[in-house]
1. Which value at 222 nm does the chain reach when only helices count, each DSSP H run of 4 or more adding -39,500 (n - 2.57), with the total divided by all residues and rounded to the nearest 500 deg cm²/dmol?
2. Ser315 label point, 7 Å along Cα→Cβ, cut-off 11 Å on backbone N: hits in the range 85-108?
3. What's the FRET efficiency of Phe30 with Asp359 using the Cβ-Cβ distance as r and R₀ = 51 Å, to the nearest 0.05?
4. Starting from the Cα of Ala107, step 7 Å along the direction of its Cβ; do the same at Asp42; then give the gap between the two resulting points in nm.
5. Between Ser424 and Gln242, what length in nm is gained on full extension when 0.36 nm per residue of separation is reduced by their alpha carbon distance?
6. Which entries in the list Lys114/Lys287; Lys114/Lys198; Lys148/Lys198; Lys94/Lys179; Lys94/Lys148; Lys164/Lys198 go over 22 Å, if you measure between the two C-alpha atoms of each?
7. Say a paramagnetic label sat at a point 7 Å from the Cα of Arg458, along Cα to Cβ; which residues of the range 337-372 have their backbone N under 20 Å from it?
8. Say a paramagnetic label sat at a point 7 Å from the Cα of Asn95, along Cα to Cβ; which residues of the range 324-356 have their backbone N under 18 Å from it?
Amino acid sequence: MNAKASDPTNETSPNAFTGYGDFNQLNPLFARPGEATDFPLDQIPAGESLPETAYQIVHDESMLDGNARLNLATFVGTWMDDHAIKLYMESADKNMIDKDEYPQTAAIETRCWKMIARLWNAPDAENSIGTSTIGSSEACMLGGLALKRRWQLARRAAGKSTDKPNLVLSSAVQVCWEKFCNYWDVEARFVPISLEHKVLDGHDLEQYVDENTIGVVAIMGVTYTGMYEPVAEIAAALDRIQDKTGLDVKIHVDGASGGMIAPFLHTDLEWDFRVDRVVSISTSAHKYGLVYPGLGWVVWRTVGDLPEDLVFEVSYLGGTMPTFALNFSRPGAQVLLQYYLFLRLGWDGYRRVQQASHDVALYLSGEIAAISAFELWNDGSDIPVFAWQLKEGYTDKWNLYHLSERLRLKGWLIPAYPMPDDISDLVVQRIVVRNGFSRNLAESLVIDIKEAVEYLDRLETPIPAEGQVTSFTH
Ligand SMILES: Cc1ncc(COP(=O)(O)O)c(C=O)c1O
């Protein structure tokens, strides 16, 4: 007989959970219905289960996700202190769009982007405009939309066509920019990175820019490698183009990671609103802004750089408040977490946290450079992120995908992936050092990498490469 069908405590049967009352509570936790029997995985169960049981099942399944702190693939924050966690719990119910219901969270959001505008050297923070977003992707979309609308308005005013907008960016941009171009019908003009030009640096820019260019994206912390693109050099190339053609093309800086590193560690580097052509900057607060996932920021140099017709009004304290967002509802708690961190750390606290990650990145890249199998692509001296490749001709027995797999056995997630077009034959491996990845852990990682390389070097025949795919996307 089918054991499940005959089991009166089977939660998946239509008659489950009626009338058991205290009986369920008396059962030991892992012998209760739901724990001892299967929940359907893709169908809402017919009846209720005890909160302890449901909690335990979800908790246990999420255990299989792996240890976020050992995930050196992600840029996204995986550690916050106990006070932040307390605040998070207290404010988990706040909806960012309900400015009227949560006016103080709205006021704090405004304070935060003004602090960030100042951090990014806006010439007059009181006359800039910004907003929180769900992350950099949304922030980049808003920056891109403002560039597009601004270009459309100027073209229409001049009686010119707005049929073929294009955006100029590096071939190593994050996928959110490909999405932007796809979703909003903008031609993406990718400038390929190469061994000579590891980042978009303004070379040959005149071949890509024309009267239909809505803007150029400069990345502070390229996702593939962590390198900064030289915003001032890109701006200088655009100055030369303007001198020759009269075209005045503006820059959006995608500072997803670097937007919260450069202001603390590279204060002399002019990449932000100090560069006149930069009209907007975005960042992921949930990366080096040190907040848990779900927050980004975008700031425009002046109110005039965000076309008015993109802005909607929501009710606020009996009146209205302007908003520019793709989402309507989204969590407000992260904004409070950002404010908490600004107060808790201050500028110097941020500097020390970022410096600690930086020191660990430089230590790690130094150790990896010293292993004869490897060659660094960069050393982590921009954002604390670096990539390396296998030395040409070093071995025909294994590659970086195999090393990545070996390290997984120890719990480390360190992705290997091909570089973008033009140099896609080149495979690199990358480490993102984040707050919480201590020197101690880094030393353990170095031991594990050395052991893995020694193991792979001992192989007598090559590991078959059939079916090998990268499981990593940017
Ligand atoms: C340069 C860059 N831009 C944009 C993004 C997208 O950020 P988010 O994950 O916050 O949407 C990333 C994410 O890695 C990034 O590295």
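1. Mean residue ellipticity, 222 nm, calculated: -11000 deg cm²/dmol.
2. Backbone N within reach: 99-101.
3. 0.70
4. Placing both labels 7 Å beyond Cα along the Cβ direction yields 5.0 nm.
5. 62.2 nm
6. Lys114/Lys198; Lys148/Lys198; Lys94/Lys179; Lys94/Lys148; Lys164/Lys198
7. What the label zone holds, given the 20 Å backbone N cut-off, is 371-372.
8. 324-336
Each reported figure results from applying straightforward, stated rules to the coordinates on display, with no laboratory input. Everything numeric in this text was worked out from a predicted model, so none of it was measured. In this analysis, Cβ positions are derived from the backbone assuming ideal geometry, glycine residues included, and neighbour counts consider all displayed protein chains.
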